[in-house]
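Below is one structure, written out as structure tokens, with a few remarks after it.
The values are calculated or read from the model by the stated rules, or taken from the named source; none is laboratory data. Every value quoted in this text rests on a predicted model; they were computed, and no experiment measured them. Cβ: placed from backbone, ideal geometry, glycine included. Neighbour counts: every protein chain shown. Just the protein is used for accessible areas: all its heavy atoms, side chains included, with ligands, DNA and RNA removed. Shrake-Rupley method; radii C 1.70, N 1.55, O 1.52, S 1.80 Å.
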Amino acid sequence: MELQFLGTGAGMPSKARNTSAIMLKLLDEIGEMWLFDCGEATQHQILHTSLKPRRVTKIFITHLHGDHIFGLPGFLSSRSFQGGEEGVTLYGPKGLATWVEQTMRLTSTHITYPMTFVEVAPGVIYEDDHFIVEADELAHVVTSYGYRVTQKALPGELDINKARALGVPNGPMLGQLKRGEDVHIDGRVITSAAVVGEPKKGFVVTLLGDTRYCEAAVNLSRGADIVVHEATFDQTMQSLAAQFGHSTVSDAARVAQEAGAQHLIISHISSRFTEHDEAALLAEGASVFPAIAMAHDFKQFTLYNNELKCV
Ligand SMILES: [Zn+2]
Ligand SMILES: [Zn+2]
């Protein structure tokens, strides 16, 4: 799993930060990528990376503000030109399907692959053998969702030496043991538990849309390995944050701290802040929640032994 930021600015693009988009790369896990928000020119940002749009199978939209969706028609259209055949499912608030479909119709844009829309409501919005995605409504000036992606536990490792010592031959029995089944050899029972280790806990990544501090953000972030939270303002602008339904760096840090999260990445940074302000912003957050990092366009994060690595 890697998280690659394609747009980390707030409201409108600047030279340093494009509008919101984050790619959750699940290539090692399931050979897919999931896109969270698609601000204007997300497809241009992708051109500067090795990301392949046809690998994007799901798009999760947090809310219908332009800085989170104006890149969708272009991205979807180009994906068609680039030979995307596999369908895309788009998750988002009420109105997303109407907006995308009307835009495609009015611009005579023909998409060659199936598009499915799922109108999000609080609760589990997707589940398969590997992942569960939950959503909840945050506190912004329009309906805005946060998403919690939980990877299900991975099967434990088969100890091949132990299996051999117990007389298990090479072949299908090893597969059976790995799948949790017990096997019989010469009247003896070899249990799966005897040769397969404990299941490994999967990761939890929480990606939140625009919001002021709210309980739902804390609940979605509970015990998460990585929380991505907006931080449009700093603590001197608390009243602006409240007025526009946004967070300060301190608000974001408070959510991560109250949720018992492992790592916080702040994004959706106002263009009033330059690189010279970054140390102060991080220090503000670190006084509440030390494991804080700041997203930049194209920056990619991964977990390695529970540590957040920038790769
Ligand atoms: Zn925004
Ligand atoms: Zn917004």
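Among the residues making up segment 283-301, those that are over 27 Å from residue 40 (Cβ atoms) and either open to solvent by less than 70 Å² (accessible area, probe 1.4 Å) or part of a helix (DSSP H, G or I) (or both) are 283, 284, 285, 286, 288, 289, 291, 292.
Quick grid of which residues meet (1) loosely packed, with under 12 Cβ neighbours inside 10 Å; (2) assigned to a helix (DSSP H, G or I):
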| site | (1), (2) |
| --- | --- |
| 141 | no, no |
| 163 | no, yes |
| 167 | yes, no |
| 170 | yes, no |
| 184 | yes, no |
| 189 | yes, no |
| 194 | no, yes |
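Going by the conditions given, is residue 258 closer than 16 Å to residue 208 by Cα, more than 15 Å from ligand 1 (Cβ to nearest atom) and open to solvent by 30 Å² or more (accessible area, probe 1.4 Å)? Taking the combined requirement at face value, the residue satisfies it. Condition first: closer than 16 Å to residue 20 by Cβ, open to solvent by 10 Å² or more (accessible area, probe 1.4 Å) and at pLDDT 95 or above. Can you find one or more residues in segment 245-252 that meet it? Within segment 245-252, one or more residues are closer than 16 Å to residue 20 by Cβ, open to solvent by 10 Å² or more (accessible area, probe 1.4 Å) and at pLDDT 95 or above. Mind checking whether some residue in segment 163-186 is of a type in the set (S, T, N, Q), at pLDDT 95 or above and away from ligand 2 (no atom under 16 Å from the Cβ)? No: zero hits.
Contact map, segment 106-135: first residue of a type in the set (Phe, Trp, Tyr), second residue open to solvent by less than 60 Å² (accessible area, probe 1.4 Å) and part of a strand (DSSP E or B), Cβ cut-off under 7 Å, separation 6 or more or different chains; pairs are 113/88; 117/90; 126/133; 131/149; 131/150; 131/151. The helices (runs of 4 or more DSSP H) found entirely in segment 2-89 that carry 2 or more residues being over 25 Å from residue 119 (Cα atoms) and out of contact with any His (no Cβ under 7 Å at 6 or more places or on another chain) are 27-30, 42-47. Counting only residues that are more than 16 Å from ligand 2 (Cβ to nearest atom) and either of a type outside the set (Val, Ile, Thr) or open to solvent by 30 Å² or more (accessible area, probe 1.4 Å) (or both), segment 65-88 holds 15 of them. Checked against the criterion of being within 16 Å of ligand 1 (Cβ to nearest atom), in contact with a Lys or Arg (Cβ under 6 Å, 6 or more places away or on another chain) and within 30 Å of residue 25 (Cβ to Cβ), the candidates 202, 245 yield just one match: 245.
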